[in-house]
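Trainee: I have a structure here, written as structure tokens, and I will follow up with some questions on it.
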Amino acid sequence: MAKITYIEHDGKEHTLDVADGMTLMEAAVKASVPGIDGDCGGACACATCMVFVPEEWWDKIPAKEDMEETMLEFAENAEANSRLSCQIKAAPAIDGMRVSMPKSQH
Amino acid sequence: MSDEIIIIGAGQAAAQAVQSLRAEGFEGPIRLFGDEAYAPYQRPPLSKKFLAGEIGYDRVELKAEDFYASSGVATHWSTRVTEIDRRQKHILTGDGQAFPYGKLLLATGSRVREINVPGFDLEGVHYLRNIDDVTSIQAHFKPGAKMVVVGGGYIGLEVAAVAVKRGIDVTVLETADRVMARVVDPIVSHFYERVHAEEGVKIETGVTVAGFEGKDKVEAVVSGEGGRYACDVVVVGIGILPNTELAAEAGLHVENGIAVDEFCRTSDPDICAAGDCTSHPNGIYGHKLRLESVHNAIEQGKTAAATLAGHEKPYNQVPWFWSDQYDLKLQIAGLSTGYTQAVVRGDPTTGRSFAVFYLKDGVLIAVDAINRAPEFMMAKMLTAKKAVLDPARIADESIGVKELAG
């Protein structure tokens with residue numbers, strides 16, 4: 001399990017206990033964290049679950065695969081530290097990770 | 001007078017509306033009715049990973065179990081609403097109970113179009129819309145079993161793709177002269193026909209189903225053209241119909257779906273509608289649309305919630321859709337209906353990655369992207385802008401996707 005904190009664009013924080021193997025998108029949608037829609041349910045097809053991951057956590061999560069890379073390259077509001085939260089699974093290594101969300105995504 | 005908001009229908013739009021009503025600051029009571037035994041869940045995986053058995057109920061269920069209770073929502077699963085009485089401002093359920101409402105949200109969704117031929121009620125003839133449908137179909141997943149899929153649309157082809165991987169002998173029968181004829185250009189249809197053939201699925205086009213034969217259960221599909229297809233199981237996927245009857249019987253304006261404006265308001269100011277069941281305006285295309293998609297359900301769920309909470313959040317976006325079959329990710333941005341030119345980027349005759357750009361008098365209106373995420377993402381943006389594109393540049397792969405708009 002990992003404790004993950006999601007920070008809305010206006011600074012409001014939501015901390016969730018995410019079970020190992022569950023994606024950060026699923027956990028956020030189930031807990032109704034605003035700002036993460038996850039339209040496609042994790043098929044890496046929509047880029048509506050983008051989060052910004054601080055650099056110190058980059059080596060603790062799997063690298064982007066091609067699909068995620070290209071979706072992000074063209075997503076609105078994307079930055080160098082953007083990830084699709086449907087592609088990040090909870091694991092003990094990311095316990096305590098804090099991610100933030102863009103102003104809007106659809 | 002009640003200040004309760006009642007939501008009829010418990011799918012994706014309803015789940016989103018509950019979340020958004022609270023986010024919009026509505027603090028009054030909410031009551032949610034669904035005719036299935038389950039809390040709102042995602043339907044798209046039902047014909048994909050869920051059918052394949054790769055994910056279970058916990059992964060399609062939209063919200064945590066305690067979400068509705070903790071959001072102050074009274075839930076009524078397995079309960080069908082049978083009438084809306086707008087004069088009394090209450091709804092009636094099948095057992096005759098009345099529930100007063102202050103405002104109402106219709107999120108009634110859609111249902112499968114049924115096939116009306118002899119033998120339609122034989123055991124082994126299935127549709128795919130609900131979790132329970134999937135469970136019934138999965139019971140036939142035994143290597144060597146013969147499946148006939150009636151209808152070569154998204155659902156039919158997704159089912160075929162999953163079934164053939166399970167060692168099932170699959171034949172798809174399609175009435176039109178090509179698969180997915182309603183939604184894509186022939187270039188895309190023929191590409192999918194090639195891939196399915198490569199994967200071992202037999203597709204027969206121009207075939208009408210005349211009936212199902214069998215003693216106790218289905219044993220064969222008989223075609224109007226004189227063909228007979230022996231089988232153990234049939235999956236029918238010939239489209240869906242919007243659930244508009246409740247609205248129509250209540251005297252609300254119904255056209256191709258329940259008529260709403262860009263704020264999801266029906267012809268009654270106290271009643272909103274959202275999702276598959278609506279006919280709504282779209283400013284990008286300049287006419288009304290009825291869409292069968294998750295994106296539409298989520299966005300209209302948000303808009304309807306805002307309206308019901310006394311705010312304004314107009315809905316006007318480029319529709320988008322996706323379909324997973326084998327290693328193909330089809331992403332569709334926009335609606336290609338009425339296109340005057342289809343321009344191909346990449347090679348659809350070999351390999352498994354290309355895109356088709358649909359132009360109407362030079363303006364981009366839609367893109368079908370197969371394993372082409374950049375083209376899809378770019379298309380969503382350019383379609384919203386009504387970009388005029390040069391066909392020669394689209395077809396030239398030495399020009400990057402980002403430079404297509406010139």
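Trainee: Suppose we filter segment B:89-129 for residues that are under 30 Å from B:Ser267 (Cβ atoms) and modelled with pLDDT of 95 or more; how many remain?
Mentor: 24
Trainee: Just to be sure I understand the filter: pairs with C-beta atoms under 6 Å, separated by 6 or more residues or on different chains, first member in segment B:60-74 and more than 11 Å from chain A (Cβ to nearest Cβ) and closer than 17 Å to B:Ile5 by Cβ, second member of a type outside the set (D, E, K, R) and in a helix (DSSP H, G or I). Which pairs pass?
Mentor: B:Val73/B:Val18
Trainee: OK, next. Scan segment B:38-53 and give yes if some residue there is under 18 Å from B:Glu4 (Cβ atoms) and touching a residue at least 12 places away in the same chain (Cβ under 8 Å), otherwise no.
Mentor: No, segment B:38-53 contains no residue that is under 18 Å from B:Glu4 (Cβ atoms) and touching a residue at least 12 places away in the same chain (Cβ under 8 Å).
Trainee: Among B:Val235, B:Val209, which is the only one that is of a type in the set (Val, Ile, Thr) and touching a helix residue (DSSP H, G or I) at 6+ places or on another chain (Cβ under 6 Å)?
Mentor: Unique residue meeting the criteria: B:Val235.
Trainee: Any residue at all in segment B:144-160 that's in contact with a His (Cβ under 8 Å, 6 or more places away or on another chain), in contact (Cβ under 8 Å) with a residue 60 or more places away in the chain, surrounded by fewer than 16 Cβ atoms within 10 Å (Cβ to Cβ) and over 21 Å from B:Ser293 (Cβ atoms)?
Mentor: Checking segment B:144-160: not a single residue is in contact with a His (Cβ under 8 Å, 6 or more places away or on another chain), in contact (Cβ under 8 Å) with a residue 60 or more places away in the chain, surrounded by fewer than 16 Cβ atoms within 10 Å (Cβ to Cβ) and over 21 Å from B:Ser293 (Cβ atoms).
Trainee: I would also like to ask the following. Would you mind listing the strands (runs of 3 or more DSSP E) fully within segment B:218-303 where at least 1 residues are more than 14 Å from chain A (Cβ to nearest Cβ) and over 21 Å from the mean Cα position of the chain (by Cα)?
Mentor: By residue number, B:220-223, B:228-230, B:233-236, B:271-273.
Trainee: Another one. Taking the condition surrounded by 24 or more Cβ atoms within 10 Å (Cβ to Cβ), in contact with a helix residue (DSSP H, G or I) (Cβ under 7 Å, 6 or more places away or on another chain), assigned by TED's automatic domain parsing to the domain that holds B:Phe26 and not β-branched (Val, Ile, Thr), does B:Ala274 pass?
Mentor: yes
Trainee: Do we have any residue at all in segment B:75-95 that's within 13 Å of chain A (Cβ to nearest Cβ), in contact with a helix residue (DSSP H, G or I) (Cβ under 8 Å, 6 or more places away or on another chain) and hydroxyl-bearing (Ser, Thr, Tyr)?
Mentor: No; the residues of segment B:75-95 include none that is within 13 Å of chain A (Cβ to nearest Cβ), in contact with a helix residue (DSSP H, G or I) (Cβ under 8 Å, 6 or more places away or on another chain) and hydroxyl-bearing (Ser, Thr, Tyr).
Trainee: For the subset of segment A:8-41 comprising residues that are facing another protein chain (nearest Cβ under 8 Å) and on the phi > 0 side of the Ramachandran plot, which member is modelled with the lowest pLDDT?
Mentor: A:Gly41
Trainee: Please determine, by comparing only the residues of segment A:75-89 that are within 14 Å of chain B (Cβ to nearest Cβ) and in contact (Cβ under 8 Å) with a residue 60 or more places away in the chain, which one is farthest from A:Cys40 (Cα to Cα).
Mentor: Only one residue tops the list, namely A:Lys89.
Trainee: Do you know which residues across segment B:376-406 are in contact with a strand residue (DSSP E or B) (Cβ under 7 Å, 6 or more places away or on another chain), assigned to a helix (DSSP H, G or I) and hydrophobic (A, V, I, L, M, F, W, C)?
Mentor: Result: B:Phe376, B:Ala379, B:Leu382, B:Ile394, B:Ala395.
Trainee: When both residues are 6+ apart or on different chains and their Cβ atoms are under 9 Å apart, which pairs have a first residue that lies in segment B:215-231 and is closer than 13 Å to B:Thr171 by Cα and of a type in the set (Lys, Arg), and a second that is surrounded by 12 or more Cβ atoms within 10 Å (Cβ to Cβ) and modelled with pLDDT of 95 or more?
Mentor: As it stands, the answer is B:Arg228/B:Glu213; B:Arg228/B:Ala220; B:Arg228/B:Val221; B:Arg228/B:Val222, since those pairs meet every condition given.
Trainee: Among B:Ala220, B:Ala161, which is more than 27 Å from B:Arg43 (Cα to Cα) and modelled with pLDDT of 95 or more?
Mentor: B:Ala220
Trainee: Of all the residues that make up segment B:331-375, how many are free of Cβ contacts under 8 Å to residues at least 60 places away in the same chain and either under 18 Å from the mean Cα position of the chain (by Cα) or part of a strand (DSSP E or B) (or both)?
Mentor: Of the residues in that region, 18 qualify.
Trainee: Can you pull out every residue in segment B:1-32 that is more than 14 Å from chain A (Cβ to nearest Cβ) and either of a type in the set (Val, Ile, Thr) or within 12 Å of B:Tyr68 (Cα to Cα) (or both)?
Mentor: B:Ile5, B:Ile6, B:Ile7, B:Ile8, B:Ala10, B:Pro29, B:Arg31, B:Leu32
Trainee: Let me ask another. Does segment A:90-102 contain any residue that is within 12 Å of chain B (Cβ to nearest Cβ) and either more than 14 Å from the chain's Cα centre (by Cα) or not acidic (Asp, Glu) (or both)?
Mentor: Among the residues of segment A:90-102, not one is within 12 Å of chain B (Cβ to nearest Cβ) and either more than 14 Å from the chain's Cα centre (by Cα) or not acidic (Asp, Glu) (or both), which makes the answer no.
Trainee: In this structure, is A:Met50 crowded, with 20+ Cβ neighbours inside 10 Å, over 25 Å from B:Lys49 (Cβ atoms) and either more than 9 Å from chain B (Cβ to nearest Cβ) or modelled with pLDDT of 95 or more (or both)?
Mentor: no
Trainee: I would also like to ask the following. Among the numbered conditions (1) away from chain A (no Cβ under 11 Å); (2) surrounded by 15 or more Cβ atoms within 10 Å (Cβ to Cβ), tell me where B:Tyr57 comes up short.
Mentor: Failed condition: (2).
Trainee: Inspect segment B:191-203 for any residue being in a loop (DSSP other than H, G, I, E, B), basic (Lys, Arg) and farther than 21 Å from B:Val117 by Cα and give the result as yes or no.
Mentor: Within segment B:191-203, none of the residues are in a loop (DSSP other than H, G, I, E, B), basic (Lys, Arg) and farther than 21 Å from B:Val117 by Cα.
Trainee: Can you tell me which condition B:Asp324 does not meet? The list is (1) touching a strand residue (DSSP E or B) at 6+ places or on another chain (Cβ under 6 Å); (2) within 13 Å of chain A (Cβ to nearest Cβ); (3) of a type in the set (D, E, K, R), and all the others hold.
Mentor: Evaluating B:Asp324 over (1) touching a strand residue (DSSP E or B) at 6+ places or on another chain (Cβ under 6 Å); (2) within 13 Å of chain A (Cβ to nearest Cβ); (3) of a type in the set (D, E, K, R) leaves (1) as the failure.
The values are calculated or read from the model by the stated rules, or taken from the named source; none is laboratory data. From a predicted model like this one, the values you see are computed outputs, not experimental measurements. So basically every Cβ, Gly included, is an ideal-geometry build from the backbone, and we count neighbours across all protein chains shown.
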